[in-house]
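These notes concern the structure reproduced below.
The values are calculated or read from the model by the stated rules, or taken from the named source; none is laboratory data. Bear in mind that the values here come from a model prediction, so they are computed numbers and not experimental data. All Cβ positions, even for glycine, are placed from backbone atoms using ideal geometry, and neighbour counts span all protein chains on display. Surface areas here come from the heavy atoms of the whole protein model, side chains and all, with no ligands, DNA or RNA. Shrake-Rupley method; radii C 1.70, N 1.55, O 1.52, S 1.80 Å.
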Amino acid sequence: MEDWVKFGLFAAILVSLCDLLRKHIVKSVDPVIIVLLPLCVAGLMSLLILTSNKYKQGISKLSQIQYCVLLAIGLMVPVGHYFITKTIQGVHNPGYAKVIISLNILISLFASLLLFSESTINKFTVFGTFLVLGGSYLIATKA
């Protein structure tokens, strides 16, 4: 199995675990707290790691555009987590919410075709896209 697949599976397990824990406490804890407190922990960990000598040089080599892109990503993360939390809060099974949220895969797939010249698709990708859309529709409307 290729490394990217292993990393992807591990990420899927971690994301799923976070979603289940989020669903467990979202009934009794304000979604803003659910989003911001873990991000504070992540931010502190990030500061500790980034201030180590290993990354200081890399940070100083970033261009202004790269800083702006990273800032934009940093601003989108809490907003995205808030919407994820509200979506999970509003449905009985967090898996249903994640089906809709996971449509980001298709957005990324087709946006990549426009943005990155090395991106391609084939007939299996197109067929898979229709399966994802159909399955997402069935899950969302029959929940």
I need the shape label for the chain. Rule: rounded when a/c is under 1.5, else prolate if a/b > b/c, else oblate, with a, b, c from the alpha carbon gyration tensor. oblate
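Taking only protein heavy atoms into account and a 1.4 Å probe, give the accessible area per residue of segment 96-143 in Å². Could you put the intermediate results ahead of the total?
On the way: 3610 Å² over 48 residues.
Each residue of segment 96-143 exposes 75 Å² on average to a 1.4 Å probe.
Sort segment 104-143 into rounded, prolate or oblate with this rule: let a ≥ b ≥ c be the square roots of the eigenvalues of the Cα gyration tensor; rounded if a/c is under 1.5, and if a/c is not under 1.5, prolate when a/b is larger than b/c, oblate otherwise. Write out the running numbers ahead of the final one.
Values: a/c = 5.68, a/b = 2.08, b/c = 2.73.
Verdict is oblate for segment 104-143.
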Using a 1.4 angstrom probe on the protein heavy atoms only, could you order I33, I107 from most to least accessible area? I107, I33
Sites matching trypsin sites (Lys or Arg not before Pro) across segment 12-115 that sit in DSSP coil, with at most 12 neighbouring C-beta atoms within 10 Å: K27, K61
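Under 1.5 on a/c is rounded, so check that first for segment 23-107, then, if it is not, pick prolate when a/b is larger than b/c and oblate when it is not; a ≥ b ≥ c are the square roots of the alpha carbon gyration tensor eigenvalues. Mind showing how you got there, number by number?
On the way: a/c = 3.13, a/b = 1.82, b/c = 1.72.
Verdict is prolate for segment 23-107.
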Given a 1.4 Å probe, how much area per residue of segment 22-86 is accessible, in Å²? 79
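Kyte-Doolittle mean at least 0.0 and Cα extent at least 27 Å along the axis: which DSSP H helices of the chain qualify? Let's see the in-between values first.
Details: long enough: 3-25 (33 Å, 1.02); 31-50 (28 Å, 2.72); 64-89 (38 Å, 1.04); 123-142 (28 Å, 1.07).
Result, helices passing both filters: 3-25, 31-50, 64-89, 123-142.
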Given a cut-off of under 8 Å on Cα pairs at least six residues apart, what relative contact order in percent is computed for the chain? 27
L109: net charge of surrounding residues, Cβ under 15 Å, Lys/Arg +1, Asp/Glu -1, itself excluded? 0
Roughly how many percent of the accessible protein surface of segment 71-143 is carbon and sulfur, given a 1.4 Å probe and a whole-percent answer? 73
